[in-house]
Every structure is written in C-alpha cells, then in structure tokens.
C-alpha cells in the first residue's frame with residue numbers, strides 16, 4: 001500500500017465526520033444554553049462595577065436580590081464597616097497574612113452572632129477568607145454601598161473642603177449639585193475636611209471629579225512657572 005493510500009485509509013468516512021459534527025454542535029449548543037441560563041439568572045447591579053471587589057459586591061447583590069434580603073445585607077455591611085472603622089485591632093487581624101484562616105472564621109462567626117448577620121453576608125465573608133480576599137473588605141463594602149445607593153436612586157457626592165462649610169454655603173452647594181441629578185434621583189452627600197487643600201474644594205459626584213482647591217491651583221501654576229523657567 002502506498003503512503004498516500006495508507007493516509008487515506010486513516011481518514012474518517014463522510015458519515016463519521018457528519019456524526020462528529022452533529023455531536024460537536026449539540027455540545028456547543030448545550031454549553032451556550034447553560035451560559036445563557038446562568039447569565040439570565042444573575043441579577044445585575046444598577047450600576048457597572050469592576051475588579052475583584054466589584055465581582056464580590058455584584059454576586060452578593062444578586063444573591064440578596066433573589067432572596068429578598070437586600071435591606072438586611074445592606075444593614076449588615078454598614079454595621080461591619082462601622083465596627084472595623086472603630087476597632088482597628090479586629091480590622092488588622094482580619095487582614096493579617098499570618099493569622100490562620102480558621103482563626104479569622106472564628107472572628108467573623110463571633111461578629112455574625114453578636115450582630116445577627118444574614119447567612120448570605122456570613123457566606124460571602126467566609127468565601128473571602130477561603131480566597132485570601134479579606135484585605136479587600138473595605139473596597140467590597142464601599143462598592144456594595146455604591147450599588148445600593150444607585151438602587152435607592154441616590155447619587156453619591158463627596159465634598160472635601162479646607163474648612164467646614166457654614167449653613168449658607170452648604171445650601172448654595174446643594175442647589176448647584178442638584179443640577180447634576182436626573183428626575184427621581186436624590187443626593188447622598190458626604191462632607192470631609194482636609195486642611196491640605198488650603199482653600200476651595202474638591203467635589204466627586206457619581207463618576208465625575210472636580211478639583212477646585214487652592215492647593216491644586218498652586219500646583220498648576222507652579223508647574224507653568226517651572227516649564228517657563230526651563
């Protein structure tokens with residue numbers, strides 16, 4: 001038998017090839033259907049979120065939505081966030097790469113019992129422990145808060161000034177910021193003070209960021225002077 005004939009003899013018949021093609025198509029269709037079903041089952045957050053913290057926050061939002069526990073989970077995360085802010089020892093212990101996972105689970109379990117955390121919240125925290133993601137907890141809490149603000153029709157605003165605003169300034173600022181909202185939306189304003197700004201303010205509203213601080217202006221003009229001198 002020639003080399004060509006030998007190769008030809010190894011070639012699958014047309015009927016065999018057709019059968020393989022049909023099997024491949026069925027397999028692909030089945031996989032695509034599973035993926036589509038999973039995507040349809042996922043309750044997407046009202047705003048896009050990104051990164052690892054976004055994935056955890058979005059997964060928790062989806063699970064809580066399906067089980068009608070959004071309000072409960074939102075309360076849980078606020079409680080945990082406030083606790084970690086006040087108790088730095090607990091916060092550092094949970095982030096520590098040295099502390100064993102079992103010890104971290106015991107801390108989380110104790111928090112869950114003390115503050116009656118939802119099983120959903122506890123499950124997410126345990127998943128974070130298993131995947132060594134507890135260091136991302138502050139980001140995950142913040143991302144979930146952003147999702148819930150959008151769910152409530154709120155627009156997150158952070159205003160940082162060199163010194164506290166008086167009531168008149170706050171009222172005027174409120175009026176200006178409301179121009180950025182759509183019908184049905186409401187502002188959720190967080191006010192901060194940072195003396196390093198010297199004067200003026202820095203405003204973050206939604207995905208917009210405006211730096212009107214004196215420090216920023218000084219930096220800008222200093223750069224212009226330096227470039228002129230050079």
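The values are calculated or read from the model by the stated rules, or taken from the named source; none is laboratory data. Here the structure is a predicted model, which is why all the values come from computation and not from measurement. We place every Cβ from the backbone using ideal geometry, glycine too, and count neighbours over all the protein chains shown.
Would you point out the residue of region 171-192, among those that are loosely packed, with under 14 Cβ neighbours inside 10 Å and in contact with a strand residue (DSSP E or B) (Cβ under 6 Å, 6 or more places away or on another chain), that is nearest to residue 217 (Cα to Cα)? Spell out how you get there, then give the answer.
Going through region 171-192, the residues loosely packed, with under 14 Cβ neighbours inside 10 Å turn out to be 171-172, 174-176, 178-179, 182-184, 186, 190, 192.
Narrowing further to those that are in contact with a strand residue (DSSP E or B) (Cβ under 6 Å, 6 or more places away or on another chain): 186, 190, 192.
Details: 186: 31, 190: 23, 192: 20 Å.
The extreme case among them is 192.
Return yes or no: is residue 76 at pLDDT 95 or above and either closer than 18 Å to residue 136 by Cβ or in contact with a strand residue (DSSP E or B) (Cβ under 7 Å, 6 or more places away or on another chain) (or both)? Before the answer, list the steps.
On the way: at pLDDT 95 or above: yes; either closer than 18 Å to residue 136 by Cβ or in contact with a strand residue (DSSP E or B) (Cβ under 7 Å, 6 or more places away or on another chain) (or both): yes.
Yes, satisfied.
Of all the residues that make up region 95-115, how many are touching a helix residue (DSSP H, G or I) at 6+ places or on another chain (Cβ under 6 Å) and either in contact (Cβ under 8 Å) with a residue 40 or more places away in the chain or more than 17 Å from residue 84 (Cβ to Cβ) (or both)?
Residues meeting the conditions: 2.
List the helices (runs of 4 or more DSSP H) that sit entirely inside region 117-230 and contain at least 2 residues that are on the phi < 0 side of the Ramachandran plot and at pLDDT below 90.
In region 117-230, 137-151, 167-177, 214-229 are the helices (runs of 4 or more DSSP H) which contain 2 or more residues that are on the phi < 0 side of the Ramachandran plot and at pLDDT below 90.
Would you be able to tell me the number of residues in region 157-193 that are under 28 Å from residue 61 (Cβ atoms) and either assigned by TED's automatic domain parsing to the domain that holds residue 74 or without any contact (Cβ under 8 Å) to a residue 24 or more places away in the chain (or both)?
The number of residues fulfilling the criteria is 3.
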